Amino acid sequence: MSDHERRKAFRRMLHELPVVVAPGAHDVLTAKIVERAGFPAVYMSGSGIANTVFGVPDVGLVTMTK
């Protein structure tokens with residue numbers, strides 16, 4: 001499935017379903033586990049990356065180069 005098709009499917013899901021359950025993932029392995037568990041979506045946040053990968057609070061300490 002292309003990125004364009006994934007975006008269209010996600011938008012359709014948001015419009016058609018009353019609730020979309022999307023567990024959070026802080027790395028690729030967790031995202032793959034969420035996918036294999038059958039969830040239709042997964043989300044990632046800057047805070048999740050800063051906290052779990054680097055062990056710092058989400059206060060602007062993590063950049064694209066860190």
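I need the helices (runs of 4 or more DSSP H) fully contained in the chain, keeping only those with at least 1 residues that are more than 12 Å from the chain's Cα centre (by Cα) and among the acidic types (Asp, Glu).
3-16
Which residue is nearest to Asn51 (Cα to Cα), if the candidates are limited to the stretch 7-29 and must be touching a strand residue (DSSP E or B) at 6+ places or on another chain (Cβ under 8 Å) and of a type outside the set (A, V, I, L, M, F, W, C)?
Per the criteria, the residue is Gly24.
What are the residues in the stretch 30-66 that are closer than 20 Å to Arg7 by Cα, touching a strand residue (DSSP E or B) at 6+ places or on another chain (Cβ under 9 Å) and surrounded by 13 or more Cβ atoms within 10 Å (Cβ to Cβ), if any?
Val34, Val42, Met44
Which members of the stretch 50-66 meet the condition of being at pLDDT below 85 and of a type outside the set (Ser, Thr, Tyr)?
Hits for the stretch 50-66 are Val53, Gly60, Leu61, Val62, Met64, Lys66.
The values are calculated or read from the model by the stated rules, or taken from the named source; none is laboratory data. Predicted, not measured: the structure shown is a model, and the values here were computed from it. Cβ coordinates were reconstructed from backbone atoms using ideal geometry, including for glycine residues, and neighbour counts include every protein chain displayed.
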